[in-house]
Amino acid sequence: MHAVVHSCSLTGLDGVVIDVEVDISNGLPKHTVVGLPDTAVQEARERTKSAIRNSGAVFPDRRLTVNLAPADIRKEGPIHDLSMAVGILLASGQLDGFTDGTAVFLGELSLDGGVRHADGVLPMVALARDAGMDKAFVPHADGVEAAIVEGIQVYPVESLQQLIAHYMGTIRIDPLPVTEMSSTDTKYPVDFADIRGQDHVKRALEVAAAGAHNVLMIGPPGSGKTLLARALPSILPAMSLDEAIEVTKIYSVAGQLSDGRALMSARPFRSPHHTVTYAGLVGGGSTPRPGEISLAHRGVLFLDELPEFGRQSLESLRQPLEDGVITITRAAYSVEMPARVMMVAAMNPSPSGFADTDAADQRFSSRAAQRYRQRISGPLLDRIDVHVDVPRLDYASMAGPAVSDSSADIQTRVAEARERQSMRLQSHDLHVNAELTARLVPRICTLDEPAETLLRQAHDRLGLSGRGHHRVLKLARTIADLAASESIQTQHLAEALNYRPQLDDEG
Ligand SMILES: Nc1ncnc2c1ncn2[C@@H]1O[C@H](COP(=O)(O)OP(=O)(O)OP(=O)(O)O)[C@@H](O)[C@H]1O
Ligand SMILES: [Mg+2]
């Protein structure tokens, strides 16, 4: 007797549908599993056997062979338990009502037959649908997450016993309704209206958000850098459904979906500590797990106390900041993970935390401060378009009434500016000004007459490098977009020049 059912295998966010073939023949009782790595076979055999027995079904005492195909695909973890149990029951004639030849069965079994939560159910169900499957039986705990995928029916399963009863017709498991994205559950912890003073920093963050430029904030302890960075996701345009699904898939694979386990609708904000390992930042492990930079995909990667991060970590950010994807290579695999982030970094002006003068209104230009900043590699600094000082607040601004636009107001302006950019850039397959290439900058970022004159003067006076020149133009383009201006005018350019690094010159 022979049966085939289906399961899924994931590597990173990609995967394939697995055929689980079960063959039962006469002969001495022997239970063989092929197609799994050696270490996992023993455990899978024991779990399926106990789960079947403890679900009131019979484990066939004959010659039993289970084959997971294709054989050359890496199969990790106990996710195939449920499909193996269903295959064994089917091949031994214990599932009369079974008609689900185009379904996937996903889940780890406990010894008593319970179906346990598994990581990565959402991307697996999505790929099952793409492979032509029409039903997915998933762990009950992962049902809402899986039901985000449209075009496939998702059945939440509590136990093997329940599934058997479903096929025997004694109870019915109903498919879940498609999980909707509700905009009301998008809650951000900090609103711009709650932050006092620092108007020029808020403006800089608005500009950065509008063009997806990376930001570096420099200021003494307690001046509000962390607070301001935390508020940033609240002014970025709301995520589209497709973006939300992309992000949720990454969190599903990482096993980091929070308890409701529904769709992630708020933009991620990740703030890894500077002691984070290389693998923690870029991803990796024996099964590929997303790192912080992928967990920040479509959101903000906040690097607090930037100079304290290891050199290797900072270097590893260069390629993904450019490409929006990160390639994780190990002996056993090589996978790509999405990593399109806005990087926000913060640092104190010197290792002691304060500028040597400790005066709020002075430029931090001491030697010690310069050396501290030189710990950050030039190429990384070069990917940061907006540099802004965050001074200590005076009493009046801290004690006075909070007067500031709310995040919602700013978000509207940012969204409008992005709309203008995507109209202009869509023929180049780009979305935001930060993505402009050296070839496109001169064509897209055109100055009006007076602005041209200002740039010519500034170029020599400030000793702008070629790189600095392009950076200023991109930023000026974004500032003009916020002002709904088709050409870049003097005031836009002047503001962009203000966001240049203020210590050593860019080189
Ligand atoms: N502009 C501000 N408006 C309202 N509260 C503020 C502001 N600045 C600082 N605070 C208060 O001070 C606390 C510390 O601010 P924050 O953690 O952002 O400082 P920081 O600049 O990141 O300091 P550090 O360099 O030590 O990390 C905040 O949690 C908040 O309570
Ligand atoms: Mg801080």
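Identify, please: which residue in the range 191-220 is in contact with a strand residue (DSSP E or B) (Cβ under 7 Å, 6 or more places away or on another chain) and among the β-branched types (Val, Ile, Thr) and is, among those, farthest from ligand 1 (Cβ to nearest atom)?
Val207
Examine the range 203-215 for a residue that is modelled with pLDDT of 95 or more, within 16 Å of ligand 2 (Cβ to nearest atom) and in the same structural domain as Val325 (by TED's automatic domain parsing), and state whether such a residue exists.
yes
Matching residues to (1) of a type outside the set (Val, Ile, Thr); (2) within 16 Å of ligand 1 (Cβ to nearest atom); (3) in the same structural domain as Pro233 (by TED's automatic domain parsing); (4) under 27 Å from the mean Cα position of the chain (by Cα):
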{"residue": "Val386", "(1), (2), (3), (4)": "no, no, yes, yes"}
{"residue": "Tyr395", "(1), (2), (3), (4)": "yes, yes, yes, no"}
{"residue": "Asp460", "(1), (2), (3), (4)": "yes, no, no, no"}
{"residue": "Gly468", "(1), (2), (3), (4)": "yes, no, no, no"}
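Need a quick list: helices (runs of 4 or more DSSP H) entirely within the range 221-329 having at least 2 residues that are within 16 Å of ligand 1 (Cβ to nearest atom) and either small (Gly, Ala, Ser) or modelled with pLDDT of 85 or more (or both).
The qualifying helices (runs of 4 or more DSSP H) are 225-231.
For the range 126-137, does any single residue satisfy the condition of being among the hydrophobic types (A, V, I, L, M, F, W, C) and more than 19 Å from Val16 (Cα to Cα)?
So far as the range 126-137 goes, no, none of its residues is among the hydrophobic types (A, V, I, L, M, F, W, C) and more than 19 Å from Val16 (Cα to Cα).
Note down all Cβ pairs under 7 Å where the first residue falls in the range 85-99 and is over 19 Å from Asn26 (Cβ atoms), the second is surrounded by fewer than 16 Cβ atoms within 10 Å (Cβ to Cβ) and not β-branched (Val, Ile, Thr), and they're at least six residues apart or on different chains.
Asp96/Met168; Gly97/Met168; Gly97/Gly169
Filter the range 453-490 down to the residues that are crowded, with 17+ Cβ neighbours inside 10 Å and of a type in the set (D, E, K, R) and list them by number.
Within the range 453-490, Arg471, Lys474, Arg477, Asp481 qualify.
Quick one: Leu82 ticks every box in (1) buried (at least 21 other Cβ atoms within 10 Å of the Cβ); (2) out of contact with any Pro (no Cβ under 9 Å at 6 or more places or on another chain); (3) not in a strand (DSSP E or B) except a single one, so which number is it?
Checking Leu82 against (1) buried (at least 21 other Cβ atoms within 10 Å of the Cβ); (2) out of contact with any Pro (no Cβ under 9 Å at 6 or more places or on another chain); (3) not in a strand (DSSP E or B), the one that fails is (2).
Taking the range 46-63, which residues are in contact with a Ser or Thr (Cβ under 8 Å, 6 or more places away or on another chain) and assigned to a helix (DSSP H, G or I)?
Arg47, Ala51
Where residues in the range 312-334 are over 24 Å from Asp429 (Cα atoms), in contact (Cβ under 8 Å) with a residue 24 or more places away in the chain and out of contact with any helix residue (DSSP H, G or I) (no Cβ under 7 Å at 6 or more places or on another chain), which of them is surrounded by the fewest Cβ atoms within 10 Å (Cβ to Cβ)? Spell out how you get there, then give the answer.
Of the range 312-334, the ones over 24 Å from Asp429 (Cα atoms) are 312-316, 328-334.
Now drop any that are not in contact (Cβ under 8 Å) with a residue 24 or more places away in the chain, which leaves 312-316, 328, 330, 332-333.
Now narrow it down to the ones that are out of contact with any helix residue (DSSP H, G or I) (no Cβ under 7 Å at 6 or more places or on another chain): 315, 330, 332-333.
Numbers: Glu315: 13, Arg330: 13, Ala332: 11, Tyr333: 14.
Result: Ala332.
State whether one or more residues within the range 411-418 are at pLDDT 80 or above, assigned to a loop (DSSP other than H, G, I, E, B), buried (at least 17 other Cβ atoms within 10 Å of the Cβ) and in contact with an Asp or Glu (Cβ under 8 Å, 6 or more places away or on another chain).
no
Tell me yes or no: at least one residue of the range 28-44 is modelled with pLDDT of 90 or more and in contact with a Phe, Trp or Tyr (Cβ under 7 Å, 6 or more places away or on another chain).
Scanning the range 28-44, I find no residue that is modelled with pLDDT of 90 or more and in contact with a Phe, Trp or Tyr (Cβ under 7 Å, 6 or more places away or on another chain), so the answer is no.
When the range 221-234 is examined, which residues are found to be touching a strand residue (DSSP E or B) at 6+ places or on another chain (Cβ under 8 Å) and either within 16 Å of ligand 2 (Cβ to nearest atom) or among the aliphatic types (A, V, I, L, M) (or both)?
Scanning the range 221-234 gives Lys225, Thr226, Leu228, Ala229, Arg230, Leu232.
Could you check the range 174-190 and list, in sequence order, the residues that are touching a strand residue (DSSP E or B) at 6+ places or on another chain (Cβ under 9 Å) and within 15 Å of ligand 2 (Cβ to nearest atom)?
Pro189
Can you name the condition, by its number, that Asp61 falls short on among (1) out of contact with any strand residue (DSSP E or B) (no Cβ under 9 Å at 6 or more places or on another chain); (2) closer than 24 Å to His166 by Cα?
Checking Asp61 against (1) out of contact with any strand residue (DSSP E or B) (no Cβ under 9 Å at 6 or more places or on another chain); (2) closer than 24 Å to His166 by Cα, the one that fails is (2).
If I filter the range 419-443 down to residues being under 20 Å from Arg383 (Cβ atoms) and among the polar types (S, T, N, Q), which single residue comes out as surrounded by the most Cβ atoms within 10 Å (Cβ to Cβ)?
Asn433
Which of the residues that make up the range 142-160 are out of contact with any helix residue (DSSP H, G or I) (no Cβ under 9 Å at 6 or more places or on another chain) and of a type outside the set (Val, Ile, Thr)?
Gln153
Within the range 217-250, track down each residue that is among the basic types (Lys, Arg) and over 22 Å from Gly197 (Cβ atoms).
Lys249
Which of the residues spanning the range 1-32 are over 36 Å from the mean Cα position of the chain (by Cα) and under 25 Å from Glu76 (Cβ atoms)?
Residues of the range 1-32 over 36 Å from the mean Cα position of the chain (by Cα): 1-3, 22-32.
Within the range 1-32, Ala3, Val22, Asp23, His31, Thr32 meet the criteria.
The conditions are (1) away from ligand 1 (no atom under 16 Å from the Cβ); (2) surrounded by fewer than 16 Cβ atoms within 10 Å (Cβ to Cβ), and Ala136 fails exactly one of them. Which is it?
(2)
Within the range 109-181, which helices (runs of 4 or more DSSP H) (wholly inside it) include 1 or more residues that are closer than 22 Å to Leu257 by Cα and either of a type outside the set (Ser, Thr, Tyr) or modelled with pLDDT under 95 (or both)?
So the answer is 121-130, 143-146.
Could you pull out the residue among Leu216, Leu205 that is part of a helix (DSSP H, G or I), surrounded by 20 or more Cβ atoms within 10 Å (Cβ to Cβ) and within 28 Å of the chain's Cα centre (by Cα)?
The match here is Leu205.
The values are calculated or read from the model by the stated rules, or taken from the named source; none is laboratory data. Everything quoted here is computed from the prediction, not taken from an experiment. For neighbour counting, all protein chains shown are included, and Cβ atoms are generated from backbone atoms with ideal geometry for every residue, glycine included.
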